[in-house]
Amino acid sequence: MTALLRIGNLGVRFPGTTAVEGVDLELERDEVLAVVGESGSGKSVTALAVMGLLPAGATATGSVTLDGRELLGAPEEELRRVRGARIALVFQEPSTALNPVERVGWQIGEVLRAHGTPRRERAARVAELLTSVGIPPERARDYPHRFSGGQKQRIVLALALAVDPDVLIADEPTTALDVTVQAEILALLRDLRRERRLAVLLITHNIGVVADLADRVAVMRDGRVVETQDVRGLFAAPATEYARRLLAAVPRLEAHDRPARPAPAKEPVLAVEDLRVDHPGRPATLDGITLAVAPGEVLGLVGESGSGKTTLGRVAVGRLRPASGTVRLFGQDLPGLSRSELRALRRRVGVVHQDPAASLDPRRTVLESITEPLDVHRIGTPAARASRAHDLLDQVALHRDHARRLPRELSGGQRQRVALARALALEPDLLLADEPTSALDVSVQAAVLDLFTELQERHGFACVFISHDLAVVNQVADRVAVLRGGRLIELGTARDVLTTPSTPYTRTLVDSVPVPDPVAQRSRHAPDLEISA
């Protein structure tokens, strides 16, 4: 059978470096080919080369054909006809893929208009697409900033599916999604594949997603494909040591015998009581939240996108004022503090934002981004600050040469590691980590989580760890708080909440976590979705 999409001996070079070399991949109609590997291995660069979207200065050699038609080096006018209509791309970071000054319905409508959908049909099609990815159609008039990270990811998927492409290149399509929405998106992709024979090139670091969806898996390292197998064969008997290490690094949702921490004698570092946060014209974002974080404790905060996790984090550091209730940080009532007093408290708090592309200044080098908190608080000499930044790069598994790079010159996972290093610069007493490992491949995630555990045990800082990845939360958290619709519905030890949950909703979350085993994972599906390999 002739491959629908064929990549032959692909090479991509940037000035002074080779990003991809000798890549050979084939994708059949009605097939899901997963491409996995560490950040910087060339996965996303390969996808951009297929779409003809490589940045200025990059050169591509080899061949990329769609139904036998050569795309590499084709005129821009021809590529525009292919993009969207034949091959669609779901970008890795939804915040940068959506126009912040246009309503999301208008953005989807523009894709439809560009590909000839009559005006009278666009509104209905926009509503249909939003509904298919779990967004209420009435929200078509909202701007991107009104949506959570997971909701924005769903909107980007709707954009990609707007004109029924033959090939969907999905670059980390579930990175920002909570487990229940991830399960819905995976089910949607399975349905599209079955109903439309959609071919999917799936780029991901989530091995559970690979186990759920892929037929074949290509493993990339340092710009080359080092192994290609059917999914069952790869999980059962990986042929390379590198693939074995990737699979071994996957966190699993199982009981941990973590030693219990002694009951704190000191005042909580963070305490909220009967907290309520309102937005005009909408239901309360948070309603009646009461919880506390003890010194040295890691509190995992989980729940679906839009449940209020990030909002609670913003309230905790004084970025958002509550409508009612109390918020105490290091024993001080936040709403009553002056600007200078709040600034002094924030020095003791490190923050890892959910979207590193949006949180890092695009004009600052990595070195400047990491030293910025030290500069702001005038800590040490310039040489001492630079030395501290280089030490932090070592700790988050980035080479010191990265210090000279700008954020756009890094992969998504590398940017996330820079954001973590920046948050640790001031040696905080409280770390607010909002999806700190969402963009990391499994091996680097494992290293960063080990680093997090080591630093937390050495320095004893408390942490609010916000994540949709329950297996990661299970690995690092002492206690877990579950939010739903702005309310706290369950709070307890990580072992109790994640292995024997007391509410049906938490049980649904736990049951939605994909198992990193293709046979076990697909046994959860209907019989007609059994593994085809």
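Using the Kyte-Doolittle scale, find the helices of the chain whose mean hydropathy is at least 0.0 and whose Cα atoms extend 15 Å or more along the helix's long axis, counting only whole DSSP H runs. Walk me through the intermediate numbers first.
Values: long enough: 104-114 (16 Å, 0.48); 119-132 (20 Å, -0.66); 149-160 (17 Å, 0.31); 179-196 (25 Å, -0.06); 366-376 (16 Å, 0.63); 382-395 (20 Å, -0.74); 412-424 (19 Å, -0.32); 442-459 (25 Å, 0.21).
Helices meeting the span and hydropathy rule in the chain are 104-114, 149-160, 366-376, 442-459.
So how do 143-149, 160-166, 43-49, 95-101 stack up, highest first, on mean other-Cβ count within 10 Å?
Highest-to-lowest ranking by the protection proxy: 43-49, 160-166, 143-149, 95-101.
First compute the accessible area of the chain with a 1.4 Å probe, then give the percent of it belonging to carbon and sulfur atoms.
49 percent
Debye calculation, C-alpha points only, no solvent: report log10 I(q)/I(0) for region 1-106 at q = 0.10, 0.16, 0.18, 0.20 Å⁻¹, in the same order as the q values.
-0.32, -0.80, -0.99, -1.18
Per DSSP H run of at least 4 residues, take -39500 (n - 2.57); add these up for the chain, divide by its residues and hand me the 222 nm value, nearest 500 deg cm²/dmol.
-10500 deg cm²/dmol
Near THR228, within a Cβ-to-Cβ distance under 10 Å, what is the net charge of the other residues, with Lys and Arg +1 and Asp and Glu -1?
On the way: positive: ARG216; negative: ASP24, GLU26, GLU227, ASP230.
That works out to -3.
When the expected Rg is taken as 2.2 N^0.38 Å, what fraction or multiple of it is the alpha-carbon Rg of the chain? If you can, show how the numbers build up before the last one.
Values: Rg = 23.2 Å, N = 533, 2.2 N^0.38 = 23.9 Å.
Taking N as the residue count of the chain, the ratio is 0.97.
Any idea what the relative contact order of region 395-533 is, in percent, if you count C-alpha pairs under 8 Å spaced at least 6 apart?
Computed over region 395-533, the figure is 16 percent.
Using alpha carbon centroids, what distance separates region 115-186 and region 485-505, in Å?
About 29 Å separates the Cα centre of region 115-186 from the one of region 485-505.
Does region 128-254 classify as rounded, prolate or oblate by the C-alpha gyration tensor (a ≥ b ≥ c root eigenvalues; a/c under 1.5 gives rounded; else a/b over b/c gives prolate, otherwise oblate)?
It is prolate, given that a/c is not under 1.5 and a/b is the larger ratio.
Net charge within 12 Å of VAL352 by Cβ-Cβ distance, Lys/Arg positive one each and Asp/Glu negative one each, not counting VAL352 itself?
Once positives and negatives cancel, what remains is 0.
What does the convex hull of the alpha-carbon atoms of region 222-371 project to on average, in nm²?
15.3 nm²
How big is the convex hull of the Cα atoms of region 413-486, per residue, in Å³?
In region 413-486, the Cα convex hull volume per residue is 97 Å³.
Between Rg and the Kirkwood Rh of region 152-191, both from Cα atoms, what is the Rg to Rh ratio? Show your work: numbers first, answer last.
Numbers: Rg = 9.9 Å, Rh = 10.6 Å.
Using only Cα positions, Rg/Rh for region 152-191 is 0.93.
Enumerate the lysines that LYS152 could reach by cross-link, defined here as Cα to Cα under 26 Å, with residues fewer than 8 away along the same chain left out.
Those lysines meeting the cut-off are LYS43, LYS309.
Can you tell me the dipole magnitude for region 461-531 around its Cα centre, using point charges on the Cβ only (Lys, Arg +1; Asp, Glu -1), in Debye to the nearest 20?
Here the size comes out at about 240 debye.
Answer rounded, prolate or oblate for region 429-533, using the Cα gyration tensor with square roots of eigenvalues a ≥ b ≥ c: rounded when a/c is under 1.5, else prolate when a/b is larger than b/c, else oblate.
Verdict is oblate for region 429-533.
Send over a whole-number figure in Å² for the accessible area per residue of the chain, probe 1.4 Å.
43 Å²
Find, among the trypsin sites (Lys or Arg not before Pro) in region 290-363, those assigned to loop by DSSP (not H, G, I, E, B) with at most 10 other beta-carbon atoms within 10 angstrom. Numbers along the way, then the final one.
Working: sites: LYS309, ARG314, ARG319, ARG328, ARG339, ARG343, ARG346, ARG347, ARG348, ARG363; in loops: ARG319, ARG347, ARG348, ARG363.
Here the sparse-neighbourhood loop sites are ARG363.
Whole percent per 10 Å bin, from 0 to the bin with the longest distance: what is P(r) over all C-alpha pairs of region 286-427?
Final binned percentages: 10, 35, 33, 19, 3.
Using +1 on the beta carbon of Lys and Arg, -1 on that of Asp and Glu, and nothing else charged, what's the dipole of region 400-533 about the Cα centre, debye to 20?
Approximately 360 debye in magnitude.
Of the DSSP beta bridges with both residues in the chain, give the percent that are antiparallel, rounding to the nearest 5.
Numbers: 42 of 77 bridges.
Looking only at bridges with both residues in the chain, the antiparallel portion is about 55 percent.
From the square roots a ≥ b ≥ c of the eigenvalues of the alpha-carbon gyration tensor of region 349-403, which class results: rounded (a/c under 1.5), prolate (a/b over b/c), or oblate?
Oblate, because a/c is 1.5 or more while a/b does not exceed b/c.
Please compute the contact order of the chain in relative form: average sequence separation of alpha-carbon pairs under 8 Å and at least six residues apart, divided by the residue count, as a percent.
17 percent
Net charge around TYR143, counting only other residues with Cβ within less than 9 Å of its Cβ (Lys, Arg = +1; Asp, Glu = -1)?
Local charge sum for TYR143: +1.
Across every pair of different alpha-carbon atoms, what Kirkwood hydrodynamic radius in Å does region 349-466 reach? The partial results should precede the final answer.
On the way: mean 1/r = 0.0714 Å⁻¹.
It works out to 14.0 Å.
The values are calculated or read from the model by the stated rules, or taken from the named source; none is laboratory data. Note that this is a predicted model, so its numbers are computed, not measured. So basically every Cβ, Gly included, is an ideal-geometry build from the backbone, and we count neighbours across all protein chains shown. Just the protein is used for accessible areas: all its heavy atoms, side chains included, with ligands, DNA and RNA removed. Shrake-Rupley method; radii C 1.70, N 1.55, O 1.52, S 1.80 Å.
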